[in-house]
1. What range in the chain is the longest one free of chymotrypsin sites (Phe, Trp or Tyr not before Pro) that are in a loop by DSSP and have at most 13 other Cβ atoms within 10 angstrom?
2. Just to confirm the filter: which GluC sites (Glu not before Pro) across the range 1-109 are DSSP coil and have at most 14 other Cβ within 10 angstrom of their Cβ?
3. How large, in percent, is the carbon and sulfur part of the accessible surface of the range 1-95 at a probe radius of 1.4 Å?
4. State to the nearest 20 debye the size of the charge dipole of the chain about its Cα centre, where the only charges are +1 on K and R beta carbons and -1 on D and E beta carbons.
5. To the nearest 0.05, what FRET efficiency results for residue 114 and residue 49 with a Förster distance of 45 Å applied to their C-beta separation?
6. Under the classification rounded if a/c is under 1.5, otherwise prolate if a/b is larger than b/c and oblate if not, where does the range 1-42 fall, given a ≥ b ≥ c as square roots of the Cα gyration tensor eigenvalues?
7. Output the relative contact order of the range 1-95, whole-number percent, from Cα pairs under 8 angstrom with separation of 6+ residues.
8. Compute the angle between helix 176-188 and the longest alpha-carbon principal axis of the chain, please, reported from 0 to 90 degrees and rounded to the nearest 10.
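The values are calculated or read from the model by the stated rules, or taken from the named source; none is laboratory data. Keep in mind that this is a model prediction, so the values were computed, not measured. Here Cβ is always computed from backbone atoms with ideal geometry, including for glycine, and neighbour counts include all displayed protein chains. The area values use the complete protein model at the heavy-atom level, side chains included, leaving out ligands, DNA and RNA. Shrake-Rupley method; radii C 1.70, N 1.55, O 1.52, S 1.80 Å.
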Amino acid sequence: MLIDLLHQYNLSADGTDVIFVCKDGYAPVRHASEMTKLSGGYIVYKDMEAKDGRNWPDSLYNSYSPFYLVWNVDLSKTKELPWPYGLVQIRLVERDSSLLNALSGKSTILKGYHLFRRHCLSCHSMNKIGGKVGPEMNVPKNITEYWTDDHIAHYIKAPKSFRYNAHMPAMKDISDEEIDQIVKYLHFMKKYKIP
Ligand code: HEC
């Protein structure tokens, strides 16, 4: 299905991002070229065992409807796959080639870019693209223009040590080195604000 859509809109898999927009503001983003290599993804809209002609059992209706992306693949391989529920839209967005050119050759920042996409972008938008669960990270002010690097690094590890009612989950499987790469990428993005 994705390959057909890319053809239809004359987009290349390498130059396109796929954004899975969920009704609660969560929005995982993947490169189209990653997604076209995969098979076994299903967009589920119904639980066959739900009763009374409803598509979803009441207990799941609020969070899972209208669509849920699931994968029928070896479970050990699914960690990196997006499993968005409450899926309302799939957006195809052309990747910013001037940004990608600027990133190439800068290995630390490039690592930060990939880490941010994997761990942060589904909740935080960057240049207005990404999730809406947490705040935007670049426009009009880049997060590093009003938070210190140290605060950002600590917030990633322990949001509740700043605010008792923080909603951001503590990111336990990111190393200090990776956090440093993410912070460097955040700084770098100051120069690439969209209007
Ligand atoms: C599951 C959603 C989620 C993920 C994933 C997530 N955040 Fe957050 N983040 C939030 C929310 C919600 C807030 C708003 C404050 C709060 O409730 O914690 C927030 C707040 C922040 C803040 C403080 C900014 C402010 O003004 O409140 C920073 C910095 C931040 N996040 C960075 C990151 C980085 C970097 C990552 C990836 C390593 C990340 N977040 C991953 C949801 C998320």
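1. Formally, the longest exposed-site-free interval is 46-145.
2. Qualifying residues, ordered by number: 49, 80.
3. C and S fraction of accessible area: 51 percent.
4. It comes to approximately 360 debye.
5. The value I calculate is 0.70.
6. prolate
7. On the way: 143 pairs, mean separation 33.5, N = 95.
Relative contact order, the range 1-95: 35 percent.
8. Helix 176-188 and the main axis of the chain meet at about 80 degrees.
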